[in-house]
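K.L.:
Pasting a structure here, questions to come.
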Amino acid sequence: MPVPVHWVTAPPEPALTQVESGVRTHAGAVLVGPAGVGKSTLARRAVERLAPDFSRVDWVRATASQTRVPFAAFEHLIDVPDTGKTAAVLRAARERLGDGRLLVVDDAHLLDPLSATLVYQLAVARAVRMVATASLGGPPVPAEISALWRDGLLARIDLQPAGHDDGRLRAQVGEFVETLPKAAHRVLEYLVVSDPLSLEDAAVLTSAHAVDEAVQSGAVEIGEDGLRPAHPLFCDAVRGALGGPEVRRLRTAVVERLSASASKGVVGRLRLAVLALGSDRPQSTADLRTAAQEALRLGDLELCERLGRAALERGPDLAARLTVAYALAWQGRGREADDVLAEIDSTALTEDELMAWALPTAANQFWMLSQPERATAFLRTIRGKVSSPAARTTIDALSATFAMNAGNLTRATEIAAEVLASPDADDTAIGWAASAAALSAARTGRFADVDALAERASAGQPGLLRFTSGYGQTTALVMGGEPDRALELAQRLTDFAQRRQPGRAIGEVLIADALLAKDDPAQAVALLRDAAATLAPTGYSWGPLAWMLLAQALGRLNQPVEAAKALSRAESRHGLKSMLFAPELALARAWTMAARNDAHEAVELARGAVKAADRGGQTAVALRAARDGVRLGDPRARDTLTRLCREVDCAFGRDALAAAGD
């Protein structure tokens with residue numbers, strides 16, 4: 001029998017006491033350290049102590065082979081529905097798991113992005129108590145996992161026992177694996193490809209004897225979800241020694257085995273699709289297309305692109321091409337998306353197919369390619385080619401969002417109202433129209449209408465549109481004299497968005513705007529630096545807004561050089577697609593000039609911000625600009641506030657006017 005690996009592990013104390021304290025005072029605790037220092041063992045010991053205090057304890061064990069499959073680590077605890085987008089799936093999963101149980105997340109650094117998002121959301125909501133383990137220094141740790149300790153949700157406990165040496169440990173592991181019996185080694189080889197494996201699958205792929213031998217030798221262990229390596233390093237050692245052809249042969253055998261069994265739901269189908277990509281048992285175009293669409297629905301854009309392109313390699317397929325285009329556009333790769341869409345012959349399409357092609361084409365032109373005039377003209381052309389009321393209503397809804405972003409709030413509101421009153425409006429049309437109407441209502445001072453519109457927008461089309469309607473809600477709360485509630489809402493929207501971009505960055509723009517309303521530019525800057533950089537390549541109009549707000553915040557902090565840099569980036573990215581935010585750009589210029597001690601120019605630019613908002617009917621924005629004018633020393637700002645307060649009666653205006661009179 002092979003010589004066991006000599007593990008140099010961390011002592012149980014004070015780590016166990018620290019874990020218990022973290023569970024009491026935080027949402028939980030995370031044990032952080034290199035592989036092989038006993039993190040999982042300490043987690044088991046901690047659970048033995050803590051379990052009596054909980055009605056239920058569940059383990060989630062992440063593995064390297066699960067990393068590219070959405071919700072793979074949680075497959076045994078949740079059912080991923082066949083319908084519903086990412087936000088709805090995550091919400092259902094939180095409701096299913098968030099009953100105060102103790103959740104143990106082992107090797108959290110290996111979680112797939114959606115599982116990592118779920119873990120973060122459970123922690124931020126304190127819906128569970130959590131004990132997690134994570135290793136650093138290898139592949140990038142998901143942002144959601146590092147945020148667990150960075151945001152103070154879990155108490156971080158670092159483990160680095162004296163005498164631990166990564167190089168020596170890996171050499172010992174390599175020797176252990178090399179001297180395993182051939183049959184036991186073969187079991188580990190299959191676990192490299194698919195971890196875990198059911199006992200039945202492992203026995204069929206190898207043999208019952210091989211499984212027994214692998215267990216007896218200490219190479220694998222049997223858990224609730226099947227067969228696993230006794231330590232992740234064992235699979236790492238085997239993976240490093242396997243050649244490409246051998247991995248392909250193993251994948252093929254696993255795909256053949258899993259294909260013969262009954263479907264195991266969304267996660268199982270996606271796992272099979274991912275395995276098949278690197279095997280000699282390719283899936284059909286239809287199966288690949290369906291898998292790509294599932295990945296897109298769940299928000300895994302990289303996997304969607306990979307599966308969709310594999311489908312296109314088999315031959316022309318309209319649905320696969322559209323799916324790939326969405327994945328590319330939502331990753332901010334507008335030129336590539338346009339190339340994919342341009343290969344479609346629109347003259348050969350049915351009306352339904354024409355709509356399926358035209359909507360992403362127009363959206364990509366407007367935002368990602370920064371060609372709003374072309375996109376608007378294109379939509380008008382398509383509207384003339386379709387005959388069904390539903391199709392025209394959906395086109396009108398997208399036109400409403402275009403009009404709003406272009407700064408024509410009157411037109412956006414009119415179109416949105418017609419769409420929302422139409423019996424032919426589907427969920428997509430309602431989502432676009434209601435979100436545009438909500439933000440337009442807030443910026444034009446019709447605050448009482450915002451919440452109902454935002455609710456319709458959220459029900460119709462959750463996802464990034466939730467930030468558009470959410471911005472309307474935070475704006476209404478600020479103008480209602482409730483900046484703290486605005487900040488809470490913005491934080492909640494951000495916390496329960498996927499941390500994967502660009503959703504997180506958009507949410508941080510909303511938080512920063514609320515912080516500026518609360519006169520906290522320093523915290524706003526801390527958020528906006530990363531958010532602006534993240535949004536810059538995406539094409540969304542949130543990107544220019546982020547740079548505008550960053551310039552304002554830096555100007556208020558008297559940092560003229562940094563403010564000027566942010567302003568320059570805002571100006572270079574601003575155009576018709578972000579004309580809605582023209583007043584914010586004028587304020588960015590004003591505060592940049594103020595930081596340069598050019599008070600006269602700062603006042604003139606602040607007045608320009610008020611005029612820009614007035615011209616677009618954005619009375620609420622004009623009020624905020626007029627208040628900034630007071631702070632910048634504009635002697636006429638109080639008169640402006642007085643006029644605006646007659647147009648829109650709100651707490652913000654009254655407070656600003658009172659402060660201007662002091």
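Computed from the coordinates by the stated procedures, all read-outs in this text should not be read as laboratory data. Because the structure is a prediction, the values reported are computed rather than measured. For neighbour counting, all protein chains shown are included, and Cβ atoms are generated from backbone atoms with ideal geometry for every residue, glycine included.
K.L.:
Using the Karplus equation 6.51 cos²θ - 1.76 cosθ + 1.60 (θ = phi - 60°), what ³J(HN,Hα) coupling, rounded to whole Hz, does each residue of segment 504-511 give in order, writing x for Gly and Pro?
P.N.:
Result, rounded to whole Hz: 4, 5, 4, x, 5, 5, 5, 4.
K.L.:
Would you mind getting me the FRET efficiency between R383 and D158? Use the beta-carbon distance for r and R0 = 51 Å, nearest 0.05.
P.N.:
Details: r = 60 Å, r/R0 = 1.18.
So the FRET efficiency works out to roughly 0.25.
K.L.:
Treat every Asp and Glu Cβ in segment 15-158 as -1 and every Lys and Arg Cβ as +1, leave all other atoms uncharged, and give the resulting dipole magnitude about the Cα centre to the nearest 20 debye.
P.N.:
In total the dipole reaches around 240 debye.
K.L.:
Rank A123, S458, A553 by how far each Cα sits towards the positive end of the charge dipole of the chain (+1 on Lys, Arg Cβ; -1 on Asp, Glu Cβ) and give me just the farthest.
P.N.:
The Cα lying farthest towards the positive end belongs to A553.
K.L.:
Output the 0 to 90 degree angle, nearest 10, between the alpha-carbon long axis of helix 582-595 and the longest principal axis computed from the alpha carbons of the chain.
P.N.:
90
K.L.:
Where the centre of each part is set by its Cα atoms, how far does segment 85-144 sit from segment 514-584, in angstrom?
P.N.:
Here the answer is 31 Å between Cα centres.
K.L.:
Any chance you could list P(r) for segment 166-277, counting all Cα-Cα pairs in 5 angstrom bins from zero, rounded to whole %?
P.N.:
In whole percents, the pair-distance histogram is 2, 12, 23, 24, 20, 12, 5, 2, 0.
K.L.:
Right, next: Using the 10 angstrom Cβ neighbour count as an exposure proxy, how do S578, S346 rank, fewest first?
P.N.:
Arranged by neighbour count, lowest to highest, S578, S346 become S346, S578.
K.L.:
Let me understand segment 356-442 better: what is its radius of gyration from the alpha carbons, and its Dmax, in angstrom?
P.N.:
When restricted to the Cα atoms of segment 356-442, Rg and Dmax are 11.8, 34 Å.
K.L.:
A follow-up question, please. Looking at segment 23-132, what % of the alpha carbon pairs are farther apart than 19 Å?
P.N.:
43
K.L.:
Sort out for me the Cα centre separation of segment 333-355 from segment 384-456, rounded to whole Å.
P.N.:
24
K.L.:
Which longest uninterrupted range of the chain lacks any GluC sites (Glu not before Pro) assigned by DSSP to a loop state (not H, G, I, E or B) and surrounded by at most 14 other Cβ atoms within 10 Å? Present the calculation step by step, with values, prior to reporting the outcome.
P.N.:
Numbers: sites that count: E224, E343.
After excluding every exposed loop site, the longest remaining stretch is 344-662.
K.L.:
Treating only the Cβ of Lys, Arg, Asp and Glu as charged (+1, +1, -1, -1), what charge dipole size does the chain show about its Cα centre? Round to the nearest 20 debye.
P.N.:
Numbers: 74 positive and 81 negative charges, 213 e Å.
The calculated dipole for the chain is roughly 1020 debye.
K.L.:
Taking neighbour counts of Cβ atoms within 10 Å as a proxy for exposure, in what order, fewest first, do D513, D484 appear?
P.N.:
Fewest to most other Cβ atoms nearby, the residues stand as D484, D513.
K.L.:
Please arrange V561, V509 by counting, for each residue, the other beta carbons lying within 10 Å of its beta carbon, fewest first.
P.N.:
Final ranking by Cβ density, sparse to dense: V561, V509.
K.L.:
With unit charges on the beta carbons (Lys and Arg positive, Asp and Glu negative) and the dipole taken about the Cα centre of the chain, which residue among A533, A425, L16 sits farthest to the positive side?
P.N.:
The listed residue farthest towards the positive side: A533.
K.L.:
How are the Cα pair distances of segment 296-418 distributed, in percent, across 10 Å bins from 0?
P.N.:
Spelled out per bin, shortest first, that is 13, 41, 34, 11, 1.
K.L.:
Can you tell me the relative contact order of the chain? Whole percent, Cα pairs under 8 Å, sequence separation 6 or more. Present the calculation step by step, with values, prior to reporting the outcome.
P.N.:
Details: 1175 pairs, mean separation 55.9, N = 662.
After rounding, I find 8 percent.
K.L.:
Here is a further query. Percent of Cα-Cα pairs per 10 Å bin, from 0 to the last occupied bin, for the chain, please list those.
P.N.:
Whole-percent P(r) values from 0 Å outward: 3, 14, 22, 22, 18, 13, 6, 2, 0.
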